[in-house]
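J.: The following block contains the structure, expressed as structure tokens.
Nothing in this text is a laboratory measurement; each read-out follows from the coordinates by a stated rule. Not measured: the values here are computed from a predicted model. Neighbour counts run over all protein chains shown; Cβ positions are idealised from the backbone, glycine included.
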Amino acid sequence: MLMKKTELEVVSTITDGIAIGLKNLPSLIVAAVCYVLTIWIPYLNVGTTIAMNSIPGRLAKGDVISPFFIFDEKYRRDFSAFFLLCAFTYMVTWVGFFFVIIPGIIISLSLSLATYILVDFDKSPTDAMKLSNQATYGHKWTIFFIGLLFGFAMGVLFAILGGIGGLLGSTFQMILLIAAIICVIPFSLGINAVIYKVLYLDTLEDDEQPAAEPETFVG
């Protein structure tokens, strides 16, 4: 049963998300590096992709994340629902984009929580999409402006780092930008965790909440 949602605020969502990212920065950076290094390995990359998509949900529940949890075999046991969700989301979003772009943006925002719901609650792809649409109702443009503001800030940061790196040589510039991208990932995951918590997890009754999965921290 869904309860009344609390209000999603742009500035507090970004600041809270950055705080979550900072708290989990070492483990999330290592997890991102491990994912990039193993993305080319068939079958293993299926599980690690699902695991990476589960991170905002885990952060939203306050889980302590080990950077190597992405290799847990449980994420490879049943991946058909995840791929079906990806296919359904892709199709309906692109249908929306054919109608002068804006409907596609709205659809993508309405389905932005579907992956977390599917992984957390073992829902079917269609149920996860329906619940995501319900959770984001009335908040889509707030989510859009959160992403826009965060993206603008990161764009300014990358421009500054790119300028500094350009003065020191193209190789150093490339290394600096790659390092910046990897470091930004935890903050993006943290912001998504806040949005998921406020719009979905906090609306559930206590007996509907998923159990937290504490793990030993490996920095």
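J.: Which pairs, out of LYS74/LYS123; LYS23/LYS197; LYS123/LYS197; LYS74/LYS130; LYS23/LYS74, put more than 19 Å between their alpha-carbon atoms?
T.: On the way: LYS74/LYS123 16 Å; LYS23/LYS197 17 Å; LYS123/LYS197 17 Å; LYS74/LYS130 25 Å; LYS23/LYS74 26 Å.
Pairs exceeding 19 Å: LYS74/LYS130; LYS23/LYS74.
J.: Taking Cα extents along the principal axes in Å as the quantity of interest, determine which of [x] 49, 40, 32; [y] 51, 48, 29; [z] 56, 41, 32 was computed from the displayed structure.
T.: Of the listed options [x] 49, 40, 32; [y] 51, 48, 29; [z] 56, 41, 32, [z] comes from this structure.
J.: Per DSSP H run of n ≥ 4, the term is -39500 (n - 2.57); total these for the chain, divide by its residue number, and report the mean residue ellipticity at 222 nm rounded to 500 deg cm²/dmol. The partial results should precede the final answer.
T.: Values: 9 runs with 152 residues, N = 219.
The helix-only estimate for the chain comes to -23000 deg cm²/dmol at 222 nm.
J.: What's the center-to-center distance, using Cα atoms, between the range 174-192 and the range 1-80 in Å?
T.: With the range 174-192 and the range 1-80 each reduced to a Cα centre, they are spaced 14 Å.
J.: Taking the Cα centre as origin and putting +1 on Lys and Arg beta-carbons and -1 on Asp and Glu beta-carbons, what dipole magnitude results for the chain, to the nearest 20 debye? Spell out each step's value before the answer.
T.: Numbers: 12 positive and 17 negative charges, 114 e Å.
That gives the chain a dipole magnitude of about 540 debye.
J.: For PHE121, project a label point 7 Å along Cα to C-beta. Then give me every residue of the range 45-88 with its amide nitrogen under 11 Å of that point.
T.: It comes to no residues whatsoever.
J.: Further, regarding this structure: Length gain on complete extension for the stretch MET174 to THR15, per 0.36 nm per residue less the alpha carbon to alpha carbon distance?
T.: Numbers: separation 159, 0.36 × 159 = 57.24 nm, distance 2.79 nm.
Gain on stretching MET174 to THR15: 54.4 nm.
J.: Which of PHE82, MET129, PHE69 sits closest to the plus end of the dipole of the range 17-151, meaning its Cα is farthest towards the positive end, when Lys and Arg get +1 and Asp and Glu get -1 on the C-beta?
T.: MET129
J.: Another question, then. Just want to confirm a number: the relative contact order over the range 1-101, from Cα pairs under 8 angstrom separated by 6+ residues, in percent. Mind dumping the intermediate values first?
T.: Details: 54 pairs, mean separation 26.3, N = 101.
In percent, rounded to a whole number, it is 26.
J.: Let me ask another. Please give the length that would be gained between LEU157 and SER80 if that part of the chain were fully extended, namely 0.36 nm times their separation in residues minus their C-alpha to C-alpha distance (nm, one decimal).
T.: 23.9 nm
J.: Under 8 Å for C-alpha pairs, at least 6 residues apart: give me the relative contact order for the chain, rounded to a whole percent. It would help to have the intermediate numbers written out before the result.
T.: Values: 275 pairs, mean separation 88.7, N = 219.
Worked out over the chain, it gives 41 percent.
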